[in-house]
Amino acid sequence: MIILFFALCIPIFYWALAQPERAFVPGWRRRSLWIITFAICALVLFAATTEQPGYSLLFVAYPILYSVLLRRRVRALFARWIGSRVGKFAFVFLLLWFSELFAAFDIADRDPVGRHMVAYIGFYVGLALIITFAIPRWRYGFSALYTIGGLWGITVERQFAGIQMLAAGDLISFFMFASLIFSVYGLYAAGPYLLLNEEWSGERPAPRWRHVLLFILLALVPLVAWGIFNLILAGLGFDVSVLVV
């Protein structure tokens, strides 16, 4: 049932957020996002009473909260940061990096939270660089960014697990895998765009080759930045094999 719920979230997100300004005001689009957010939080609270925590489900609810449902308060709180490109980069990095706490809490019994968060700094630096400097120059729109991000996620997550499932013809496992991962990575890319919609609605529509280029950058730059950062950590004496989960 949980898998079907997250699979259903995908078309709802396309419907509710294809025209972001319509979700920023009261109406059924905004109500649907509140319902999804409350449902996810309820699932997380229920999982917290079991032996299998589910904090990672908040990867989907969190960007909807900061980018749509609570965007006015978030924008007001970080208004000074939004005024400069460097400020936007730092802002986007912190927003995205904070979300890694959800995964850290899920595996806290095997990897200390602080150690896990340090391990992923490089990944989120690379991701924030792409989002801050590649996306604003063109008008992509939510649907394009959500799709590109989702395809990026089901391609690279868990060492290309999605591709391996498709190659093996395991469509059921792929559906279960993609139903959640698509939204997690789709909102990685689209969440900051929704939050900074006024500043990042470029004048020129992004041509198709820019969509392909953005996918390639998302697939490569965060991983390269992650690798470089872990080399630095290794040089400082950290056990990278333990840090990277």
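A few notes on this one:
- Unmet criterion (only one of (1) in contact (Cβ under 8 Å) with a residue 60 or more places away in the chain; (2) touching a Gly at 6+ places or on another chain (Cβ under 8 Å)) for Leu43: (1)
- Comparison of Leu33, Leu70, Leu77 shows that the only residue that is over 18 Å from the mean Cα position of the chain (by Cα) and either closer than 22 Å to Pro192 by Cα or crowded, with 18+ Cβ neighbours inside 10 Å (or both) is Leu77.
- The listed residue being in a helix (DSSP H, G or I) and in contact with an Asp or Glu (Cβ under 7 Å, 6 or more places away or on another chain), out of Ile172, Ile181: Ile181
- For Phe123, the requirement of being surrounded by fewer than 22 Cβ atoms within 10 Å (Cβ to Cβ), touching a residue at least 40 places away in the same chain (Cβ under 8 Å) and under 22 Å from Trp97 (Cβ atoms) is not met.
- Test: Ala104 is at pLDDT below 95 and more than 27 Å from His211 (Cα to Cα): yes
- Considering the conditions (1) assigned to a loop (DSSP other than H, G, I, E, B); (2) touching a Ser or Thr at 6+ places or on another chain (Cβ under 9 Å), Phe215 is excluded by exactly one of them, (1).
- Residue match in the range 93-109 (condition: crowded, with 19+ Cβ neighbours inside 10 Å and free of Cβ contacts under 8 Å to residues at least 24 places away in the same chain): yes
- Residue count for the range 187-202 satisfying the condition of being assigned to a helix (DSSP H, G or I), hydrophobic (A, V, I, L, M, F, W, C) and more than 11 Å from the chain's Cα centre (by Cα): 3.
The values are calculated or read from the model by the stated rules, or taken from the named source; none is laboratory data. Please read all numbers here as calculations on a predicted model, not as lab measurements. Methodologically, a virtual Cβ is constructed for each residue, glycine included, from the backbone with ideal geometry; neighbour enumeration extends over all protein chains shown.
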